[in-house]
Amino acid sequence: MDKDYEFAQTAEDMKPDNVNHPAHYTSGCGFECIEMMEMVFGKEAVIDFCVVNAFKYIWRHEQKNGTEDIAKAEWYLKYACKLTEGGLRRHLTAINKMTDHIEKLKGEATK
């Protein structure tokens, strides 16, 4: 599994990380919220959530957290791609468009 999609396994991995493993999205049971969402609602619903959530972060990035929101959008798109690898491909066009937009925003942020 690609490291971008793996969940925290060691104490070092458990350091605060607002993009990949926000502390407020974990619980004492060893699962992150998005993992529980997949168990409860299924992959397709979580893919929908990820795509919509990525859109939200892209939309608001200039008014709220800047490059951190762009990184969060990218994380959600990568997670959606991970779930899509199992055969759910209906969101790939939207994911690819948003990924291209994120790359453009990253380039603009470094100027």
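The values are calculated or read from the model by the stated rules, or taken from the named source; none is laboratory data. Computed from a predicted model, the values in this text were never measured in an experiment. Note that we place each Cβ from the backbone using ideal geometry, even for glycine, and neighbour counts take in every protein chain shown.
For the range 57-97: of the residues being part of a helix (DSSP H, G or I) and either at pLDDT below 75 or among the polar types (S, T, N, Q) (or both), which is farthest from GLU38 (Cα to Cα)?
Let us first name the residues in the range 57-97 that are part of a helix (DSSP H, G or I), namely 57-60, 67-84, 92-97.
From the residues that got through so far, the ones that are either at pLDDT below 75 or among the polar types (S, T, N, Q) (or both) too are 67, 84, 92-96.
Values: THR67: 27, THR84: 13, LEU92: 19, THR93: 22, ALA94: 20, ILE95: 19, ASN96: 22 Å.
The qualifying residue farthest from GLU38 (Cα to Cα) is THR67.
Entry remark, the range 57-74: residues being surrounded by 15 or more Cβ atoms within 10 Å (Cβ to Cβ) and either of a type in the set (Lys, Arg) or closer than 16 Å to ASN96 by Cα (or both) number 7 in total.
Scanning the range 99-111 for residues that are modelled with pLDDT under 75 and not small (Gly, Ala, Ser), we see that the one that is surrounded by the most Cβ atoms within 10 Å (Cβ to Cβ) is THR110. For GLY30, the conditions (1) under 25 Å from GLU108 (Cβ atoms); (2) modelled with pLDDT of 70 or more; (3) part of a loop (DSSP other than H, G, I, E, B) are fulfilled apart from (1).
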